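The values are calculated or read from the model by the stated rules, or taken from the named source; none is laboratory data. Nothing here was measured: the structure is a model prediction, and the numbers come from that model. Positions of Cβ are generated from backbone atoms using ideal geometry, with glycine treated the same way; all protein chains shown enter the neighbour counts. Heavy atoms of the whole protein, side chains included, go into the accessibility calculation; ligands, DNA and RNA do not. Shrake-Rupley method; radii C 1.70, N 1.55, O 1.52, S 1.80 Å.
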Amino acid sequence: MISINLFGKFSIQGADGTPIPLAGAKTQGLVAYLALNTEMPPSRDRLMALFWGDRFTDQARQSLRQAIAKLRRTLGQDGQDVLLAEHDRIGLNPELVRVDVDQFTQLANAGTPEAAEQAVQLLDGPLLDGFYGQQADFEDWIASERQRFATLSLDVLERAADKALREGRTSEALDLARRMVAIDPLRDASQIVLI
């Protein structure tokens with residue numbers, strides 16, 4: 001199973017943990033977009049607008065085809081296709097790909113302090129840290145996704161910090177509070193834990 005990590009620096013690992021290099025900002029952006037949309041695979045038109053919106057339609061379509069072919073060659077697993085193409089939609093095969101953001105979201109939505117502690121372990125940094133240089137539509141999309149995951153991260157960190165405080169692990173609670181302050185310095189909950 002391929003692992004795609006979107007928290008912190010973007011990375012892909014094969015089933016054995018070996019990094020899979022993926023050249024090109026647009027190709028990496030395409031994988032990141034597909035990984036953040038596993039439940040609702042995007043249409044080809046949406047992908048063309050996000051990554052090749054500055055080109056004529058035929059050029060954009062050809063560029064998307066080339067990118068998909070490159071990804072199939074690079075990410076193929078034992079003859080199985082990691083990319084699924086169904087009608088007009090392109091997505092990642094959930095049986096062959098694990099995405100850290102999906103795991104994080106499931107744990108965050110579980111709502112328990114134990115799940116929050118597990119979710120914190122997945123937070124290696126901001127979503128797609130250092131990821132820039134795409135089309136304006138992509139930049140708008142990634143900004144909104146970063147904000148969404150920052151909010152979710154704050155909730156998870158707060159629950160984990162509360163649990164650590166209740167269990168007398170003050171040093172750990174302080175570390176979690178500092179992480180909350182780094183995300184949002186004005187959030188009351190993180191300041192309360194620090195005090």
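Candidates Leu36, Ala60, Ile12 compared by Cα position along the dipole of region 1-66: farthest toward the positive end lies Ala60, with charges placed on Cβ. The residues of region 31-158 present an accessible area of 52 Å² per residue when probed at 1.4 Å with all protein chains retained.
Scoring 138-151, 155-168 by mean Cβ neighbours within 10 Å over their residues and listing the highest first yields 155-168, 138-151. Other residues whose C-beta falls under 13 angstrom from the C-beta of Leu47 contribute a net charge of +4, scoring Lys and Arg +1 and Asp and Glu -1. Protein heavy-atom surface of region 30-100, 1.4 angstrom probe: 45% of the accessible area is carbon and sulfur, with nucleic acids and ligands not counted.
Using Cβ point charges alone (K and R +1, D and E -1), the dipole size of the chain about the Cα centre works out to roughly 480 debye. Could you give the Stokes-Einstein D for region 54-156 in µm² per second, using the C-alpha Kirkwood radius, 20 °C, 1.002 mPa s? Taking Rh from Cα pairs, D becomes 131 µm²/s. Over the chain, the pair-distance histogram of Cα-Cα distances with 5 Å bins from zero comes to 1, 7, 15, 17, 17, 14, 10, 8, 5, 3, 1, 0, 0 percent, rounded to whole numbers.
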